[in-house]
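Okay, structure first, notes after.
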Amino acid sequence: MSTEKVDVLVIGAGPAGTVAASIVNKAGFKVKIVEKQKFPRFVIGESLLPRCMEALTEAGFIDAVKENGFQEKFGAKFVKNGKICDYFFADQFTPGWNWTWQVPRAEFDQTLANTVEKMGVPVCYQTTVTGITFNGTGSVTTVEDIKGNKTHIDARFIIDGSGYGRVIPRLFNMEKQSNLAPRKALFTHVADVKRSMDDEPNRITIVVHQPGVWVWVIPFSSGITSVGFVGCPEFFSQYMGRNEAMLRELISTQPYLAERLKDVEFIFDPQILQSWSSTTDKFYGDGFVLTGNVTEFLDPIFSSGVTLATVSSQMAAHLVIRKLKGEPVDWEEEYSKPLLQGIDTFRSFVMAWYEGTLDTIFFAEKQNHEVKKMICSVLAGYVWDTSNPFVKNHTVALTKLARRIELEILADEEI
């Protein structure tokens, strides 16, 4: 069996893996990516957040992504029973990018992978990690390609950006159950011929279908729109038949979408994704670091996936570079705690969404502009800005705000 030596082995060619690989490669180290799947491949997570643009810029991907002509995204719209709450990133509290893209992930991820290859980082597709042996801070990884050929990769360090594959957590029994309730999504892409160009496609639309059940509407520049219903598994059990029949019935019962999506062409047979929330014991160890969805995947409601993937990889890459240079790295203080700050902020917003706290805030008749700017920053992915009270004290700030709104409503009713 042949052995290849590299400085850093990156597992996964998605946004997490390619961002990390590019940054480490730019520092002059030999990097290799192995990817289990064949690209392009479909994956959800199609609405990006402005914060990820900083990571994409440092990785050198922005120009390549721009060339695709993806749909520019300037905010997020929430809809409930005819009420609309708009958040425009230009109004956010935190300085930074105020726009991003909505992307078919197959094309987006392929663009990042192609670009990192042009930078000199080899990407081996359809190559599965079958085992890893750590020897101090180094490691030997056994991989197998689609033809059954096995290779040893001797690496000084491993960055696991394998996403849902969760390679290292699964190999070393590090997986842990999330504290989020299980959810289910039924989704497809549609030929959105009745789309209103005045209202869209410059932002994602989230429609409250009923308590605990919501719909994503993500328009692409091609005229195709991604549509998905999300709720607890029990909600979907009342709908019978094949996936297409179920999704068409759900659309017909949603007033905001019924006419627009009546009899539209489904680009592919609707798919189901469920019980996606997951976490792990720790985000690093001797000779490895976990990034992106391998650390924790929360929920699609606030499009946090790609942002957490790219930013965690950006953070990890700089620490790996220091490690390879022989400099001390405190992984707990410099990686785990900062990363958890962002994850926990998003988690509070996810839980507040399903508990109805954000429903109270988003659709309040009286909106405090300064508070809305702070919440907008979180929705833009700036979940590491602790000068924002809704980041620093996320759970308490949301609870207090919702309670104040409820008291104001009661006071108005009494007048």
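Things worth noting here:
- Exposure proxy ranking, count of Cβ atoms within 10 Å, fewest first, for Thr133, Thr111, Thr128: Thr133, Thr128, Thr111
- Computed on the chain, the Cα convex hull volume stands at 147 Å³ per residue.
- Estimated FRET transfer efficiency (Glu117, Ser221; beta-carbon r; R0 35 Å; 0.05): 0.90
- Relative contact order, percent, the range 68-209 [alpha-carbon distance under 8 Å, six or more residues apart]: 30
- Stretching the chain fully between Ile84 and Leu340 yields a gain of 89.0 nm (0.36 nm per residue, less the alpha carbon separation).
- Fraction of the pair-distance distribution of the range 349-415 above 15 Å, Cα-Cα pairs, percent: 52
- Each stretch of four or more DSSP H residues adds -39500 (n - 2.57); spread over every residue of the chain, this sum gives -10000 deg cm²/dmol at 222 nm.
- Phi angles across the range 85-91 convert, under the Karplus curve 6.51 cos²θ - 1.76 cosθ + 1.60 with θ = phi - 60°, into 3J(HN,Hα) values of 10, 9, 10, 10, 4, 5, 9 Hz, Gly and Pro given as x.
- Debye-sum result for the range 86-220 in log10 I(q)/I(0), which assumes one identical scatterer on each alpha carbon, at q = 0.13 Å⁻¹: -0.95
- Look at the alpha carbon pairs under 8 Å that are at least 6 residues apart: their mean separation over the length of the range 172-231 gives a relative contact order of 38 percent.
- Taking label points 7 Å from Cα along the Cα-to-Cβ direction, Asp145 and Lys400 give a separation of 5.9 nm.
- Three principal axis lengths of the range 17-65 [C-alpha, angstrom, descending]: 32, 28, 16
- Antiparallel %, DSSP beta bridges [both residues in the range 3-92], to 5: 60
- Taking the convex hull of the alpha carbon positions in the range 74-141 and averaging its projected area over all directions gives 9.8 nm².
- Convex hull volume per residue in cubic angstrom - Cα atoms of the range 123-185: 130
- The Lys366 and Tyr125 beta-carbon pair, evaluated with R₀ = 41 Å, returns a calculated FRET efficiency of approximately 0.15.
- Near the amide H of Gly96, within less than 5 Å, lie no amide hydrogens of residues on another chain or at least 5 residues away, with H placed in the peptide plane.
- Karplus (6.51, -1.76, 1.60) ³J(HN,Hα), θ = phi - 60°, over the range 351-365, in Hz, Gly and Pro reported as x: 5, 5, 5, 6, 7, x, 4, 6, 4, 4, 6, 5, 9, 5, 5
- Sparsely packed loop sites in the range 37-93 (the GluC sites (Glu not before Pro) outside DSSP H, G, I, E and B with at most 11 other Cβ atoms within 10 Å) comprise Glu67.
- Over the Cα atoms of the range 285-415, the radius of gyration divided by the Kirkwood radius equals 1.10; this is the Rg/Rh ratio.
- Dividing the convex hull volume of the alpha-carbon atoms in the range 211-368 by its residue count gives 183 Å³ per residue.
- Loop GluC sites (Glu not before Pro), the range 329-415, which have at most 15 other Cβ atoms in a 10 Å radius of their Cβ (DSSP): Glu365
- When you filter the GluC sites (Glu not before Pro) in the range 214-310 for DSSP loop state and at most 15 other Cβ atoms inside 10 Å of their Cβ, you are left with Glu259, Glu265.
- In this structure, the amide hydrogen of Gln37, modeled 1.01 Å from its nitrogen in the peptide plane, lies closer than 5 angstrom to those of Gln126, Thr127, counting only residues at least 5 positions away or on a different chain.
- Each residue of the range 394-399 is assigned a 3J(HN,Hα), and the resulting list reads 3, 5, 5, 4, 5, 4 Hz, derived from the Karplus form 6.51 cos²θ - 1.76 cosθ + 1.60 (θ = phi - 60°), x at Gly and Pro.
- Percent RCO, i.e. relative contact order, over the chain, from Cα pairs under 8 Å lying at least 6 residues apart: 21
- Whether the range 59-98 is rounded, prolate or oblate, judged on the alpha carbon gyration tensor where a/c under 1.5 counts as rounded: oblate
- Tensor-based shape of the range 331-379 (alpha-carbon gyration tensor, a/c under 1.5 rounded, otherwise prolate or oblate): oblate
- Exceedance of the 18 Å cut-off in Cα-Cα distance is limited, within the set Lys32/Lys150; Lys83/Lys392; Lys5/Lys32; Lys337/Lys392; Lys150/Lys323; Lys32/Lys282, to Lys83/Lys392; Lys150/Lys323; Lys32/Lys282.
- Label-to-label distance, Ile62 versus Ile409, with points set 7 angstrom from Cα along the beta-carbon direction: 4.2 nm.
- Cα gyration tensor shape of the range 1-138, rounded if a/c is under 1.5, else prolate or oblate by comparing a/b with b/c: prolate
- Reducing the range 277-319 and the range 217-241 to their Cα centroids gives an inter-centroid distance of 26 Å.
Every number here is computed from the coordinates shown, using simple stated rules; none is lab data. Because the structure is predicted, anything quoted here is derived from the model rather than measured. We place every Cβ from the backbone using ideal geometry, glycine too, and count neighbours over all the protein chains shown.
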